[in-house]
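Nothing in this text is a laboratory measurement; each read-out follows from the coordinates by a stated rule. Just so it is clear, the structure is predicted and the values come from calculations on it, not from any experiment. Virtual Cβ from ideal backbone geometry, glycine too; neighbours counted across all protein chains shown.
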Amino acid sequence: MSTIKSHPIKEVFIHALNRKSNDTQSMLFSYVEKVERVNPFTFYQNGKAVYAGERFFWKDRDGEMTIVGLGNIHIIRSEQKNRLRYEEVEQKWEALVDHSSIHNPFDGYGTGPLLFGGFSFDPQQQQEREWSNYSPAFFYVPEFMLTVMDGESYLTTNLMCTPYDTDDLIDHIERKKIRLFHETDASSANAGDRFSGMVEQDTNAWKQAVDQVVKSIKQDSKLKKVVLARKITADFDGDLSSDHVLERLLSQQPESFIFSLENMESCFLGASPERLVRKRNQVVLSTCLAGSSKRGQTKAEDENLGEKLLNDRKNRVEHDYVVQMIRREMSALCEDVDVPSTPTLMKVRDIQHLYTPVIGYTNEDSILPFVEKLHPTPALGGLPNDKALREIRRLEMMDRGFYGAPVGWMDYRKNGEFAVAIRSGLLHKQRAVLYAGCGVVENSDPESEFIETGIKFRPMLRAIGGSADE
């Protein structure tokens, strides 16, 4: 990898080609420049005409960073059905970055070349047709990427090139860039959500599955918790606009991670309150989010429900399972770990959760070992993990795909951030498949758990226009 600073893009490009003149292997060329402030969603929309099916969007839950990627110049995927998929992604990314020319005079996170994508929840689960456009690990490098960090805007331009390319390639790229910044595609976020019907999985069968999990927990003293999910399939009279759904999520769920990952005619997107892990050099942050309650209609009712949640034994036990697991896994990779002694509340529009942040200090150079260690947390899998996954495979009778899985980004410095992709759905032409789950423990009640999943469907149902609750 070479890093070149403070020259115009064409000059840098010619210099990079000259340095690689005796090397016929394709090279990643990346150039970062500061740009005038632009609305990230508008940038995302403007890319639809040229880059439909090759776009991603990321907004962190703290409002510090938004990243938009357009175009797909390089895919990194793994078909491994085990934990080797993390290693394969890491090795392929290292190989690409090692053979690159990166011009980035800025220190901002999420600038320069990065991978955006995710890992499926359980690669051993038989893939259903709806997930056929995604691999057990699926990431890509965008051609253009807008990063808005702490109010500053940066544009990264990425190219795969050979010594046989000329600076005409840069002229072509510059023309594309001008169109992206100056031609607004107002038609992108059309209504496109003419809701026509909805089908749920067999609800009685799902409640019986909860009952079976409770029995398994009572019979096996080592099995503490199993997270069971279910899905809703919504159909529309016309093609559903992912831009419109994303726009609604941004408006309705500002306190969440908002993400969108397109591939061909599919788009996986959602509004998750849950961070899996963020790495910024030596500082690593994870989140324990388990135990939940609905929001109140009034301030007094909401505070009362929150207080009950903080003192509810079932939810506190469920939350502590997550805290202990994340503490253990973070400690294995960190020199020091800070964990608060008691949880607080995280409130989003439809639901409130018990919340505990975990901060670690590490010498690891990459975020991916943390993703591997922390996924799935007991909040999405169960405890212990191996036993819980066996119950999920036996009883859920569906492929979660990327639901409940790590979705996010890693840059060329191997910093990055991944959310747990809950409150999410998969869009494909005239269909949306939405997912929600809940933690089943020894004293769980099937009807209560069913109601809880209903609350967790609300953000995506509202976003696709399948709910009257605006």
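General remarks:
- Mean Cα-pair separation over length for region 195-464, i.e. relative contact order, pairs under 8 Å, 6 or more apart, %: 31
- Anisotropy class of region 195-464 from Cα gyration tensor, a/c 1.5 cut: rounded
- Dipole moment magnitude, nearest 20 debye, the chain about Cα centre, only Lys, Arg, Asp, Glu C-beta charged: 860
- Derived scalar couplings ³J(HN,Hα) [region 79-88; Karplus, 6.51 cos²θ - 1.76 cosθ + 1.60; whole Hz; x for Gly, Pro]: 9, 4, 9, 9, 6, 5, 4, 5, 5, 5
- Sequence of MET397, MET325 once ranked by neighbouring C-beta atoms within 10 Å, starting from the fewest: MET397, MET325
- Cα centroid separation - region 274-326 against region 32-52, whole Å: 35
- Listed residues ALA290, PRO40, THR66: farthest to the positive end of the dipole of the chain (Cβ charges): ALA290
- Cα centre as origin, Lys/Arg/Asp/Glu Cβ charges: region 2-182 dipole, Debye: 340
- C-alpha long axis of helix 168-182 to longest principal axis of the chain, angle in °: 50
- Of GLN126, LEU114, LEU249, farthest towards positive along the dipole that unit charges on Lys, Arg, Asp, Glu beta carbons give region 106-251: GLN126
- Peptide ranges 59-71, 170-182 listed from the most packed, as the mean C-beta count within 10 angstrom indicates: 59-71, 170-182
- In this structure, THR203 and THR24 have a Cβ-Cβ separation that, at R0 = 60 Å, corresponds to a calculated FRET efficiency of about 0.50.
- Relative contact order [Cα under 8 Å, 6+ residues apart], the chain, whole percent: 21
- Taking the fewest neighbouring Cβ atoms within 10 Å as the starting point, the ordered list for THR24, THR356, THR156, THR344 is THR24, THR344, THR356, THR156.
- Packing-based order for 458-464, 304-310, 291-297, 241-247, using average beta carbon neighbours within 10 Å, highest first: 458-464, 241-247, 291-297, 304-310
- Simple label model, 7 Å out from Cα along Cβ direction - LYS215 to ARG390, nm: 1.7
- Label selected from (i) 65, 52, 39; (ii) 101, 42, 37; (iii) 68, 53, 43, the criterion being Cα extents along the principal axes in Å as computed here: (iii)
- Per-residue Karplus couplings for region 326-338, computed as 6.51 cos²θ - 1.76 cosθ + 1.60 with θ equal to phi - 60°, are listed in order as 5, 4, 5, 6, 5, 5, 5, 10, 10, 6, 8, 9, 10 Hz, Gly and Pro entered as x.
- Per-q log10 I(q)/I(0), region 2-182, q = 0.10, 0.11, 0.14, 0.16 Å⁻¹ (Debye; single scatterer per alpha-carbon; no solvent): -0.42, -0.51, -0.82, -1.05
- Pair GLU307, GLU128: separation of 7 Å Cα→Cβ label points (nm): 4.2
- Entry note, region 75-206: relative contact order of 23 percent, from Cα contacts under 8 Å with a spacing of 6+ residues.
- Additional length obtainable on full extension of the chain from GLN324 to GLU174, 0.36 nm per residue less Cα span: 48.9 nm
- Filter on LYS308/LYS373; LYS387/LYS456; LYS81/LYS279; LYS314/LYS414; LYS81/LYS224 - keep pairs with C-alpha separation over 29 Å: LYS308/LYS373; LYS314/LYS414
- As a proxy for reagent exposure, ARG280, ARG349 were ordered by neighbouring Cβ count within 10 angstrom, fewest first; the result is ARG280, ARG349.
- Taking the Cα centre of region 195-464 as reference, the dipole from Cβ charges on Lys and Arg (+1) and Asp and Glu (-1) amounts to some 420 debye.
- Farthest positive-ward along the chain dipole, Cα basis, beta-carbon charges - from GLY382, MET398, ILE232: GLY382
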